[in-house]
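Shown next, in structure tokens, is the structure this report addresses.
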Amino acid sequence: MKKEMIAMLLAGGQGSRLGVLTAEVAKPAVSFGGKYRIIDFPLSNCINSGVDTVGVLTQYQPLRLNTHIGIGIPWDLDRNYGGVTILSPYEQSQNSDWYTGTANAIYQNIRYIDSYNPEYVLILGGDHIYKMDYEVMLDFHKSNNADVTMAAMPVPLEEASRFGILITDETGRIVDFEEKPKNPRSNLASMGIYIFNWSVLREALLTNKEIPHLDFGMHVIPYCHQRGDRVFCYEYNGYWKDVGTLGSYWEANMELIDIVPVFNLYEDYWKIYTKSDTLPAQYISADAVTERCIIGDGAEIYGKLYNCVVGPGVVVEEGVEIHDSIIMEGCVIKKGSSLNKTILAGNSVVGENCKIGVGEYAESLYNKKVYCFDLVTVAEGSVIPDNVTIGKNVAISGVTTPEDYPDGKLVSGGYIIKGGEE
Amino acid sequence: MKAIGMILAGGNSKRMKELSDNRAIAAMPVAGTFRSIDFALSNMSNSHIQKVAVLTQYNARSLNEHLNSSKWWDFGRKQGGLYVLTPTLTVNNSSWYRGTADALYQNIHFLKDSHEPYVVLASGDGVYKLDYSKVLEYHIRKRADITVVCKELPTSEEIGRFGQVRTDADGRITDFEEKPMVEASTNVSCGIYVIRRRLLIELIERAADEDRYDFVKDILIRYKNLKRIYAYQLETYWSNISTVDAYYDTNMDFLKKEVRDYFFREGDSVYSKSDDLPPAKYNPGASVRNSMIAPGCIVNGSVENSVVFKQSYIGNNCVIKNSIILNDVYIGDNSVIENCIVESRSTIRANSSYSGQDEHRIVVEKNERYIL
């Protein structure tokens, strides 16, 4: 049997600029928007677009990703023929290797793709928030008789130098591209979403297999272009958000609480699916405040929340006050604590009477590139003891005890990183 | 487990008023995200009963929709599964289910084709958690013929709608009165039974021969001196939702922390069909106090002492008090709703006011809905 188009979802990246959030989970498995994980968006796009065969390429810290995806039931990707398959690097009789680049990962899974004998292959990343109908993009690809179609979106010209920029002719055919140009000639930024004719991609991968760190943007696309293949640009104008830094991750979450969010999860026709436990409705107590919030199922709110994104099963006890924060699934915030601009990853516990996110911003003593926002970032499963005061731009990971906080304080820009190994 | 399960979910009740116009009681939404039958189904699943039949008859559309896949309760395995049994015309039978025993009799093939030695019979209108294997253990220990799960209730007018039992010191049922006019006992039958499969087949075949159709009247009560019928006392939460007041009170019980903790944070989970709804959203102006809000809701107004079910929209400046808002209800701006149960998919126009005085008012409003 033949599949017209299958998808290959690259989900192996660490996303190191998300700091302690990705210390133990791959970026696509990071929680988003109260009950989702980032990978839910491309997976839901696939099934909503009629793509029912998806290979998910994993490498970095795959455990959470594997348990989340399982056999694909939440996305209806449990199929007799096709469905979702986790593709991890494997040992071969010779040249065993990790996935060394985006295209190398596809190269190592040629046999998987061949087994479905597809006409087209859709290449996706696992780290963006967007809704997109890949079928429309495929129609565009077919109508142009293209070999390769790259999705791109217009960005403000002053920001264009951060992206891979596509230069097209009047028919949409790509005539040139530039990687992070100083003086961009166009504002069409590549989104890392490609449709290839499988025969074209297969040949390109085999020809270039010796190139170290074989990459789509750096090697495969330029190769196809130079060879004279028909490479087209599919312009996309919807919502598309890169959540690659702590700042953009926080911002994208906060956009969901706008009165009419640009990215609307409440529409019926393009549902986002996720694996979730059956939970009761959330409980909001008589003294609670929930102003400008989205809150996940089964949460119990006794405190006051302003501008927050709260995950399923979270408990916020009496006397707690939280502003502008992301509280992921299963966290417990005990009596009398206050949190400000904090990202609290799943199943963390904040003790009683803590003050988190207070004082003035200070440069990070841990990693200036990653921690350059006034956000407190707390890794999954962390514990913060009672009665401590924590400044801004702080990173915390692991089970911390009062001894970790001299005078009960952690200053702005500070960090406590405790090893994950037991 | 050495038992199969059968859930009687065919029932309708006049005492549910308009709420049962469109659905079987077993499909009534409970606690924001569940339906009544989820409790019996989850109990079956958590007791490791693998083969379960649901007997439906009255207005089963929303029930069938809810049961369209068995995977949510972890049935649908190679061994066992979930069977939805409806009345059908056959050469020998052209009737609807004429009673509970008749419903079992019309599906006797399900009993005969199974090989498990015991049957757990349950109803679809109870809200409770119970490990049926504990009841079976008790049944075997007492060498009982039939075990009836019973619950001690406080005296109230409500008690007249249940079967009332009296037992001897050993737990054997000596008196069983079905819905008596004068209160016989405060120990009531929960409508949950454990019985040996062969005995059940024998009893319902004999009842059918004599044109008797009711499991309680024609089997339990008639045989109580002949067979060893025992009461298993349920000490934990149990509620039957089949009147408007009981339905209202049961939902309001979930506003108590100890009830929520018991059902959702301790012991086995309760499962339901997954709906993939986004988190509930609270816009500026939302003020929610002592209420449950289900996923997919958008709240702009004030909600107090209420349970709001899935995907409901509450407009600006609304005041919702002491009410139950069922699934997918749209409430226009500036509306006031007090002491009401608002039926699923209702559309309440802006500036409306509904208030239940002496009793909980049921609101069904099928207005045109305009949504951006």
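Neighbouring Cβ atoms from other chains, within 10 Å of the Cβ of residues in B:290-299, number 6 on average. Mind running the shape call on region A:370-422? Use the C-alpha gyration tensor, a ≥ b ≥ c as the square roots of the eigenvalues: rounded below 1.5 for a/c, prolate if a/b tops b/c, oblate otherwise. It is oblate, given that a/c is not under 1.5 and a/b is not larger than b/c. Inter-chain Cβ neighbour count for A:271-279, averaged per residue, equals 5 (cutoff 10 Å, partner chain atoms only).
For the peptides A:268-279, A:347-358, the ranking by packing is A:347-358, A:268-279, with the highest mean count of neighbouring Cβ atoms within 10 Å listed first.
Computed from the Cβ-Cβ distance with R0 of 30 Å, the FRET efficiency linking A:E4 to A:E158 stands at 0.15.
In whole angstrom, region A:1-48 maps to an equivalent ellipsoid with semi-axes of 26, 14, 6, each derived as √(5λ) from the alpha carbon gyration tensor and ordered largest first. By the gyration tensor of its Cα atoms, with a ≥ b ≥ c the square roots of the eigenvalues, what is the shape of chain A: rounded for a/c under 1.5, prolate for a/b over b/c, or oblate? It is prolate, given that a/c is not under 1.5 and a/b is the larger ratio.
Which residue fluctuates most in the GNM of chain B (Cα springs below 10 Å): B:K112, B:K71, B:K217? Top of the fluctuation ranking is B:K112.
The loop-placed trypsin sites (Lys or Arg not before Pro) in region B:233-268, going by DSSP, that have at most 14 neighbouring Cβ atoms within 10 Å of their Cβ come out as B:K256. For the options B:D21, B:D125, B:D113, a Gaussian network treatment of chain B with springs between C-alpha atoms closer than 10 Å singles out B:D113 as fluctuating the most.
Note on the protein assembly as shown: with charges restricted to the Cβ of Lys and Arg (+1) and Asp and Glu (-1), its dipole about the Cα centre is near 1560 debye.
In chain A, helices alone account for a calculated mean residue ellipticity at 222 nm of -4000 deg cm²/dmol, with every DSSP H run of four or more residues adding -39,500 (n - 2.57). Pair-distance distribution P(r) for region B:3-264, from all Cα-Cα distances in 10 Å bins starting at 0: 7, 31, 40, 21, 2, 0 percent.
Taking label positions 7 Å along the Cα-Cβ direction at both B:D168 and A:N264, the computed distance is 7.0 nm, reported to one decimal.
Between B:R228 and A:R185, the modelled labels are 9.3 nm apart [label points 7 Å from Cα along Cα→Cβ].
Of all DSSP beta bridges confined to the protein assembly as shown, the antiparallel ones make up roughly 30%. Sort region B:281-371 into rounded, prolate or oblate with this rule: let a ≥ b ≥ c be the square roots of the eigenvalues of the Cα gyration tensor; rounded if a/c is under 1.5, and if a/c is not under 1.5, prolate when a/b is larger than b/c, oblate otherwise. Because its axes are fairly even, with a/c under 1.5, region B:281-371 counts as rounded. Using Cβ point charges alone (K and R +1, D and E -1), the dipole size of region B:35-103 about the Cα centre works out to roughly 140 debye. What the phi angles of region A:45-53 give under the Karplus curve with 6.51, -1.76 and 1.60, with θ = phi - 60°, is a coupling list of 4, 4, 5, 5, 8, x, 8, 10, 10 Hz, glycine and proline written as x. Under a Gaussian network description of chain B, with springs only between Cα atoms under 10 Å, the residue in B:S62, B:S20, B:S242 that fluctuates furthest is B:S62. Take each peptide in B:306-312, B:42-48, count the other Cβ atoms within 10 Å of every residue, and average; sorted highest first, the result is B:306-312, B:42-48.
Helix A:134-143 axis versus longest C-alpha principal axis of chain A: approximately 20°, rounded to the nearest ten. Note on region A:340-400: with charges restricted to the Cβ of Lys and Arg (+1) and Asp and Glu (-1), its dipole about the Cα centre is near 200 debye.
A simple count of charges around A:D52, restricted to other residues whose Cβ falls under 14 Å of its Cβ and scoring Lys, Arg +1 and Asp, Glu -1, yields -1. Enclosing the Cα atoms of the protein assembly as shown in their convex hull gives a volume equal to 206 cubic angstrom per residue.
Taken together, the values in this text are just the output of simple stated rules run on the coordinates, not laboratory data. These figures come from a predicted structure and were not determined experimentally. Here Cβ is always computed from backbone atoms with ideal geometry, including for glycine, and neighbour counts include all displayed protein chains.
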